[in-house]
Amino acid sequence: MTDARPPRRDFRVLTRRRGGYDGASMVDIQLQVVATGALVWSQTFSDAQQADDFQRELEDDLASMDATSFRRKYGVPSST
């Protein structure tokens, strides 16, 4: 069964930039549950362009995919 609701109602994306070793910069892209603020998963990038591309794709998918397809693509359990 497909959940036609947009996942944007249930999830949000947060981005955190932080310093890494030897002056490197790290970017954390996090998927959180809107209602509780619970962290679903976090992905860390050392390449800012890759992080930006991933965040853009994630945001686009939140707006355009149905909830079932979004959960499948991003490995979000149905219990979340």
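The values are calculated or read from the model by the stated rules, or taken from the named source; none is laboratory data. Bear in mind the structure is a predicted one, so any value in this text is a computation, not a measurement. Cβ coordinates were reconstructed from backbone atoms using ideal geometry, including for glycine residues, and neighbour counts include every protein chain displayed. When the accessible area is computed, the model is the full protein with side chains, heavy atoms only, and any ligands, DNA or RNA have been set aside. Shrake-Rupley method; radii C 1.70, N 1.55, O 1.52, S 1.80 Å.
Worth pointing out:
- The test for being open to solvent by 70 Å² or more (accessible area, probe 1.4 Å), of a type outside the set (Val, Ile, Thr), part of a loop (DSSP other than H, G, I, E, B) and touching a residue at least 60 places away in the same chain (Cβ under 8 Å) holds for ALA4.
- Qualifying positions in region 59-80 - part of a helix (DSSP H, G or I) and either among the charged types (D, E, K, R) or buried (at least 17 other Cβ atoms within 10 Å of the Cβ) (or both): GLU59, ASP60, ASP61, LEU62, ALA67, PHE70, ARG71, ARG72, LYS73, TYR74
- Residues satisfying the stated conditions in region 7-58, i.e. open to solvent by less than 70 Å² (accessible area, probe 1.4 Å), under 19 Å from GLY75 (Cβ atoms) and either of a type in the set (Lys, Arg) or part of a loop (DSSP other than H, G, I, E, B) (or both): ASP10, VAL34, ALA38
- Scanning region 54-80 for residues that are closer than 19 Å to ARG18 by Cβ and not hydrophobic (A, V, I, L, M, F, W, C) yields one hit, GLN55.
- Considering residues of region 18-35 that are closer than 10 Å to ALA51 by Cβ and of a type in the set (A, V, I, L, M) only, the residue nearest to the chain's Cα centre (by Cα): ILE29
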